[in-house]
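The values are calculated or read from the model by the stated rules, or taken from the named source; none is laboratory data. A quick note: this is a predicted structure, and the numbers were derived from the prediction, not measured. Backbone-built Cβ (ideal geometry, glycine too); neighbour counts: all protein chains shown. Please note that ligands, DNA and RNA were not included when accessible areas were found on the heavy atoms of the full protein model with its side chains. Shrake-Rupley method; radii C 1.70, N 1.55, O 1.52, S 1.80 Å.
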Amino acid sequence: MDRAQLLLLGLPIFLLCTDIINLFTPPPPKPTHHHHHLPQSHHQPKPQPVLHHQPLDFPTQKPSSPGGIGLGSNVNINFCSSCSYRGNAVTMKNMLETAFPGINVFLANHPPPLPKRLLSKVVPVFQFGIIGIIVAGEQIFPRLGMMPPPWYYSMRANRFGSIASTWLLGNFFQSFLQSSGAFEVYCNGELVFSKLQEHRFPSEIELRELVGRKLSNSRIVDGVGGALWS
């Protein structure tokens, strides 16, 4: 056997012998603790002064007086409510109120032109009229002294499809006629941005600059007018 084999064989035997010796060896006696009684001192500790913690008076920040470049100014945002522009209008309103403290921003619906509004009122009449003819055309045409036209029989053959198509197409035309596509911004009664003219929405930075420029010009004009009157 070489040295490596002797080492591998002797190491477990050595560890086994040490475990057996430790198993039968009695534990050492525990050391006894001697309590040393210290003589009591006749000097009593001096009472410490009680510190009364008073709340610190920090200077309170006074609320700033209302003011700003937008104080007393009005901005009107007229948008197309049927075009789902309300989200953009609310975003612009919050931006302007943050950029110009004291400004008043009002949101309102921009109605379509009068002809489109009138036509949008007529569309439901045609819807219910066509649906009534599809359902009760056999009684309606004879009372009018007419024979049912050929298109009635084709619509009558597919009654449910004709009614659904009439309802969907009518709603589509009504929504189209009620939409104006407008997003008009007025500052103190003056137009600063028009989607109908620009054919696009304004960005927040652009609208802030336009409104800020209009407010600055109005302040300069008011200052010059006050100086002249004084």
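Okay, here's what the table says:
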| quantity | calculated |
| --- | --- |
| Probe 1.4 Å, all protein chains present, accessible-area order of R117, R213, R156, largest first | R213, R117, R156 |
| Mean Cα-pair separation over length for the stretch 111-230, i.e. relative contact order, pairs under 8 Å, 6 or more apart, % | 25 |
| Farthest positive-ward along the stretch 86-207 dipole, Cα basis, beta-carbon charges - from A99, G170, G145 | G145 |
| Cut-off under 5 Å, modelled amide H: who pairs with F183 long-range | K195, L196 |
| From phi via Karplus (6.51, -1.76, 1.60), per-residue ³J(HN,Hα) for the stretch 173-178 in Hz, x at Gly/Pro | 5, 5, 5, 5, 6, 7 |
